[in-house]
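Rule-based calculations on the coordinates, nothing more; no lab input. Predicted, not measured: the structure shown is a model, and the values here were computed from it. For neighbour counting, all protein chains shown are included, and Cβ atoms are generated from backbone atoms with ideal geometry for every residue, glycine included.
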Amino acid sequence: METTFGVMQGVGVVTVNGPLTAAGVDSFRDQFGSWWQGAPELRNVVVDLGGVEFLDSAGLGTLIALLKRVSERGGDLKIARLQKKARMVFEITRAYKVFDILDTVEEAVKACG
C-alpha cells in the first residue's frame, strides 16, 4: 500500500493506493499520525480511496480511528472515489451511515467547506 498526503484548498487530502488491510494499517495509521501532527492548521480531511480495490475490517477500523482523530480537532473526514469492492464492505457494515462518501476528491473538498 502506498499513501500520499497533501492539501487542496485548505483541506488535507490522503490518497491511498493498494489494499487497505490488516497487513498495512499500522504503517498507514503511523504515517497519518505524523502528517496530522505536523499540520495543526488542518481541520478537515478527504481520504481518496480511488486506488483501493479491497479493504478489510482492519482497514475500515483504521478509517473510523482517523475519523475520530479528525473529529477531536473539530473537523470532518470525507471519503472520495470509493471503489465497488470496497463499497461492499461499507454497505455490509453500514459504515456508509458514519462517513460522507463522495464521487470525486473535488466534491469531497467542497463538502468540507
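Out of all Cα-Cα pairs in the chain, roughly what percent, to the nearest whole number, are more than 25 Å apart?
Counting pairs separated by more than 25 Å, the tail of P(r) holds 11 percent.
Show me, for segment 13-26, the HN-Hα J-couplings you get by feeding each phi into the Karplus relation (A = 6.51, B = -1.76, C = 1.60, θ = phi - 60°), rounded to Hz, glycine and proline as x.
Working through the residues one at a time gives 10, 10, 10, 10, 10, x, x, 9, 10, 3, 5, x, 5, 5 Hz.
Please state the relative contact order of the chain as a whole percent: Cα pairs under 8 Å, 6+ residues apart?
With pairs under 8 Å counted, the relative contact order is 26 percent.
Kindly provide the GluC sites (Glu not before Pro) of segment 10-72 that DSSP labels as loop, not H, G, I, E or B, and whose Cβ sees at most 14 other Cβ atoms within 10 Å.
Glu41, Glu53
Would you mind working out the magnitude of the charge dipole of the chain relative to its Cα centre, with +1 at each Lys and Arg C-beta and -1 at each Asp and Glu C-beta, to the nearest 20 Debye?
Charge dipole, the chain, about its Cα centre: 280 debye, nearest 20.
Please list the non-local residues whose amide H lies under 5 Å from the amide H of Ala22, H modeled 1.01 Å from N, same-chain partners needing a gap of 5 or more.
Residues meeting the criterion, in which the H sits 1.01 Å from N, are Asp56, Ala58, Gly59.
Express in whole angstrom the spacing between the alpha-carbon centres of segment 26-63 and segment 64-79.
Spelled out, the Cα-based centre of one part sits 10 Å from the other.
Is the shape of segment 54-113 best called rounded, prolate or oblate, per the rule: a/c under 1.5 gives rounded, else a/b larger than b/c gives prolate, else oblate, with a ≥ b ≥ c the square roots of the Cα gyration tensor eigenvalues?
Oblate, because a/c is 1.5 or more while a/b does not exceed b/c.
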